[in-house]
Amino acid sequence: MRVGLYGGTFDPIHDGHLHVIRELVSRNVVDRLLVVPAGEPRLRESAPVATGSERRQMCQLAVNSLGPDFTDKVEVNPIEVLRQGPSYAIDTVEAIAATYEGAKIALILGTDAYEKIDQWHRADELKKMVEFVVIDRPDFPGQANLVIDALAVSATDIRSHKSDQIPAAVAAYIKEHNLYASK
Ligand code: ATP
């Protein structure tokens, strides 16, 4: 059993993230995939715009939009959003390891996130506990070990209205909740 952990700010979740999720599941890279929106991410210049609860709900809407073949295998896990204080991947990995005893844990990251891995809290212990699946990102050339023809879209592009590559249900949520100065 291989459990994939796909963490991120997801402010908001977009089609680039969904492409990653679809590829991981349909290629059987993981048996189960946990999408984990971060609470208070470190290593970012500014705090997320949407709250943890809003980002969690957008993740859930996006996962629902994938259809039953995926929803059986993919779940949004609120562990970091519900945790007080900063989110550390190592704490999440330890919690997942206790839940899925004996499973291999794969940490899914884009090349941009993987570049900063040595700065992560308790990075050496984390490296011993997980395998890294590093996804290519066209906008961030780097060392990937899974090439999936990732989409050139970022949450920054969505927040600044440079791209509208998000699922319709997420677009409706953004509009309804007036996020990112939505039009
Ligand atoms: P921002 O623009 O706000 O920095 P982002 O689009 O990079 O956001 P995150 O929530 O920070 O999104 O990303 C979560 C994870 O998904 C990270 O590991 C990131 O590298 C990866 N990722 C983000 N966008 C893509 C994409 N288009 N293709 C592949 N991986 C991606």
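The values are calculated or read from the model by the stated rules, or taken from the named source; none is laboratory data. Here the structure is a predicted model, which means the values were calculated and not measured. For the accessible areas, the whole protein counts, side chains as well, though only heavy atoms, and no ligand, DNA or RNA atoms are used. Shrake-Rupley method; radii C 1.70, N 1.55, O 1.52, S 1.80 Å.
Which semi-axes, in whole Å and largest first, does the equivalent ellipsoid of the stretch 78-159 have when worked out from the alpha carbon gyration tensor as the square roots of 5 times its eigenvalues?
After diagonalising the Cα gyration tensor, the semi-axes are 24, 16, 13 Å.
Hand me the tally of lysine pairs in the stretch 32-183: alpha carbons under 22 angstrom apart, and the pair either on different chains or 8 or more positions apart.
8
Non-local amide H neighbours of Leu107 (under 5 Å, H modeled in plane, Pro and chain starts lacking H): which ones?
Sorted by chain and number, the residues that satisfy this are Leu5, Glu131, Phe132, Val133.
Ignoring any ligand, DNA or RNA, what whole percent of the accessible area of the stretch 107-183 comes from carbon and sulfur when the probe is 1.4 angstrom?
Of the solvent-accessible surface of the stretch 107-183, carbon and sulfur hold 50 percent.
Report relative contact order for the stretch 1-69 in percent, whole number only (criteria: Cα-Cα under 8 Å, sequence separation at least 6).
The normalised contact order for the stretch 1-69 reaches 42 percent.
For the stretch 134-183, report the translational diffusion coefficient in µm²/s to the nearest whole number, using Stokes-Einstein at 10 °C, 1.306 mPa s, and a Kirkwood Rh over Cα pairs.
129
Counting heavy atoms of the protein chains only and a 1.4 Å probe, report the per residue accessible area for the chain as a whole number of Å².
Per residue, the chain has 51 Å² of solvent-accessible surface.
With an 8 Å Cα cut-off and a minimum separation of 6 or more residues, compute the relative contact order for the stretch 1-116 in percent.
Taking the mean separation of contacting Cα pairs over the length of the stretch 1-116, I get 37 percent.
Looking at the P(r) of the stretch 25-120, how many percent of alpha-carbon pairs lie beyond 24 Å?
Counting every Cα pair in the stretch 25-120, those more than 24 Å apart make up 25 percent.
With the convex hull built on the Cα atoms of the chain, state its orientation-averaged projected area in nm².
Value for the chain: 9.9 nm².
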